[in-house]
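Written out below as structure tokens is the structure these notes cover.
The values are calculated or read from the model by the stated rules, or taken from the named source; none is laboratory data. As the structure is a prediction and not an experimental result, all values here were calculated from the model. So basically every Cβ, Gly included, is an ideal-geometry build from the backbone, and we count neighbours across all protein chains shown.
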Ligand SMILES: [Fe+2]
């Protein structure tokens, strides 16, 4: 109804079209930096003269979910293409290879897991190839398991595992993290979706929330997850697989227009104790048609990048950090965000969804972060995607529809409308 609503709907579609046309698809193929690592060819060549040490061993002692770790290497046979892979869980050798699914040759011979990221040993250590000594600062986020740092020789194409560090862990690896807000199906409903390591049989998930400075109440949350068998192909189903954890969504109802609410994510464990997140806040949406100012951000194709410089081999999407930081800086002037597809570019490397939700946390925990599905979320051969390509890396839409809530009748079909003050936004993307 009204010109403004039509305008926003058209704007969303035009920007979607520009975003796709502007980038083209040629840069996508093989561009996911983890795809540069030939993990399926990796072999084990442990060298007693090489050592990797990571400190501190225990992270998040003050509730942090993001921290730097110092990684120190000593290698008697250094070469300029040695690299460090960050693995999680820390034990990733053949003894933890999962049962083969799909194309077995994609998983052989020994290392069944891609690292969550990597860096050259000589990054910030120019004389490493001479001395064999290096020290790197690498950033970790809390993502439900411990970490180790593995030194590889042989470059990216013939990786040989030379040494593995001690394990490093967050004090509560299962902690609730990375909340993302989204409109519910009605203007006065807000949904909060987050990730934890607690399945429903271990702890009861809920949101404790209420008007700022007023009485707080608790709303229960649903729990979703999925298995490797839900993935449509490699790498999501093979060496890109990592357990996504448990995805919880709580529906906050009967919100007052424009009111400020605070909230915390909680899990009540079976022994009666609690695991809590940090405290966050958001502003409820205006009543539909209410005379008010709406400041709407619409974009697509953002992706993610590492602040510690890792994954720098193909320098994938460093611009996403600029976009994220600018949005965070302007957050007081933003009411809602529409990310209209091509969200993480994880392309089948599942741990990248944690990295992305961590990167956007300051935004998505504060204003509704409404997503649509792009080709990099959905496309996979023979699965009903609009284009018959492998752009999702085998995710075939499962990650996008589970990690984020959308007020669609069928979450596998990302077509929906949402009311926001003077606007009704129709959210769709023609690519999928
Ligand atoms: Fe794209």
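The rows are residues; the columns are (1) within 16 Å of the ligand (Cβ to nearest atom); (2) in contact with a helix residue (DSSP H, G or I) (Cβ under 7 Å, 6 or more places away or on another chain).
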| residue | (1), (2) |
| --- | --- |
| 339 | yes, no |
| 390 | yes, no |
| 403 | no, yes |
| 418 | no, no |
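Residues considered: 385, 373. Of these, the only one that is out of contact with any strand residue (DSSP E or B) (no Cβ under 6 Å at 6 or more places or on another chain), crowded, with 23+ Cβ neighbours inside 10 Å and assigned by TED's automatic domain parsing to the domain that holds residue 304 is 373.
Determine whether residue 102 is more than 16 Å from the ligand (Cβ to nearest atom), at pLDDT 75 or above, assigned to a loop (DSSP other than H, G, I, E, B) and at positive phi. The answer is no for residue 102.
Which fully enclosed helices (runs of 4 or more DSSP H) of segment 293-368 have 1 or more residues being under 12 Å from the mean Cα position of the chain (by Cα) and either modelled with pLDDT under 95 or crowded, with 19+ Cβ neighbours inside 10 Å (or both)? Don't jump to the end; show me each part of the working.
Values: elements: 319-329, 351-359, 361-364.
Per the criteria, 351-359, 361-364.
Taking the criterion of being assigned to a loop (DSSP other than H, G, I, E, B) and free of Cβ contacts under 8 Å to residues at least 24 places away in the same chain, the residues of segment 390-432 that qualify are 408, 409, 410, 411, 412, 413, 415. Looking across segment 170-180, the residues that are assigned to a strand (DSSP E or B) and under 22 Å from residue 401 (Cα atoms) come down to 177, 178, 179, 180.
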